[in-house]
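Okay, structure first, notes after.
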Amino acid sequence: MDTVTAEEFDAAVAAFREREKAEMRARDALAAARRRLPAVEVDPALEFTAIGGARRTLTDLFEGRPQLIVYQHMLGPGDDDPCAGCCMVADHVAHLDHLNARGVTFALTSRAPIDEIEAFRARMGWRHIPWYADRDAGLARATGLGSFQLDVFLREGDRVLRTYSTTGRGVEALGSTWSFLDLVPYGRQETWEDTPAGRPQSEPYVWWRRHGEYAEV
């Protein structure tokens, strides 16, 4: 690696920062376009099994919030070698209080039975992430799941709409509160964003809290 003076280093970093800012503006524009994608209706009665065995519908997975992100983890029945990539994704999921504060619920689903999910969830320490068994692979079929996938849903009254989906390297940059908020229809809900009229917005930064200090959403 080449070495330079402190002044040359500062100049090189400043020039490179302009490229980073351009890329950030491009990502912002991409997120704005994502918020304007069309949606497809999904059966809100798709069934899941929650930790403890209770039955849940797709609507229930929203936990009363308007937006839902589901990562379909590849854990299958009797899987003794769960997908390392899916596990890395779950490892990167930030504290959910911050998403919840913006009306977003995050959940994992898998085809494995719920007792196997619970055992693996405890082993990996992901107790802060809701995880459901996809009963009869209903969600997998509805979303055209191949292997692993992230899907975004919006609840409008009794309807559930699928607004975005990604897989492959599309999940690599995800995990922070901000990267997830950039995927959902309401976005970060900050006034600087280019977002469709009528969606909730507030001044930037003012909504941020330490986890555990948000009002219930």
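Restricting segment 120-139 to residues that are touching a Ser or Thr at 6+ places or on another chain (Cβ under 8 Å) and of a type outside the set (Phe, Trp, Tyr) leaves a set whose member that is farthest from VAL89 (Cα to Cα) is ARG135.
Counting the residues of segment 127-167 that are hydrophobic (A, V, I, L, M, F, W, C), over 23 Å from PRO185 (Cβ atoms) and out of contact with any Phe, Trp or Tyr (no Cβ under 9 Å at 6 or more places or on another chain) gives 1. Screening segment 116-140 for residues that are among the charged types (D, E, K, R) and out of contact with any strand residue (DSSP E or B) (no Cβ under 9 Å at 6 or more places or on another chain) and picking the one that is surrounded by the most Cβ atoms within 10 Å (Cβ to Cβ) gives ARG127. Applying the set (1) surrounded by 12 or more Cβ atoms within 10 Å (Cβ to Cβ); (2) closer than 16 Å to ASP91 by Cα to TYR164 leaves exactly one unmet item: (2). Checking the stated criteria, TYR71 turns out to be among the hydroxyl-bearing types (Ser, Thr, Tyr), within 26 Å of GLN189 (Cα to Cα) and touching a residue at least 12 places away in the same chain (Cβ under 8 Å). Can we say ASP97 is over 21 Å from LEU183 (Cβ atoms), modelled with pLDDT of 95 or more and surrounded by 11 or more Cβ atoms within 10 Å (Cβ to Cβ)? So ASP97 does not fit the description; no. Annotation: GLU193 fulfils all but one of (1) within 15 Å of ALA90 (Cβ to Cβ); (2) at pLDDT 95 or above; the unmet one is (1). The residue that is farthest from ARG188 (Cα to Cα), among those in segment 1-44 that are of a type in the set (Asp, Glu) and surrounded by fewer than 12 Cβ atoms within 10 Å (Cβ to Cβ), is ASP2. Considered as a group, the residues in segment 141-155 that are touching a residue at least 12 places away in the same chain (Cβ under 8 Å) and charged (D, E, K, R) include one that is surrounded by the most Cβ atoms within 10 Å (Cβ to Cβ), and that residue is ASP151.
Scanning segment 28-84 for residues that are of a type in the set (Phe, Trp, Tyr) and touching a helix residue (DSSP H, G or I) at 6+ places or on another chain (Cβ under 9 Å) turns up PHE48, TYR71. Take the residues in segment 45-67 that are buried (at least 18 other Cβ atoms within 10 Å of the Cβ) and closer than 17 Å to LEU145 by Cα; name whichever of them is nearest to the chain's Cα centre (by Cα). Top of the filtered list is LEU58.
Among the residues of segment 164-199, those that are within 24 Å of ALA39 (Cβ to Cβ), without any contact (Cβ under 8 Å) to a residue 24 or more places away in the chain and either out of contact with any Pro (no Cβ under 8 Å at 6 or more places or on another chain) or among the small types (Gly, Ala, Ser) (or both) comprise SER165, THR166, THR167, GLY168, ARG169, GLY170, ALA173, TRP178, SER179, ALA197, GLY198. Look at (1) in contact with a helix residue (DSSP H, G or I) (Cβ under 9 Å, 6 or more places away or on another chain); (2) in contact (Cβ under 8 Å) with a residue 60 or more places away in the chain and you find that MET124 fails only one, number (2).
The values are calculated or read from the model by the stated rules, or taken from the named source; none is laboratory data. Predicted, not measured: the structure shown is a model, and the values here were computed from it. We place every Cβ from the backbone using ideal geometry, glycine too, and count neighbours over all the protein chains shown.
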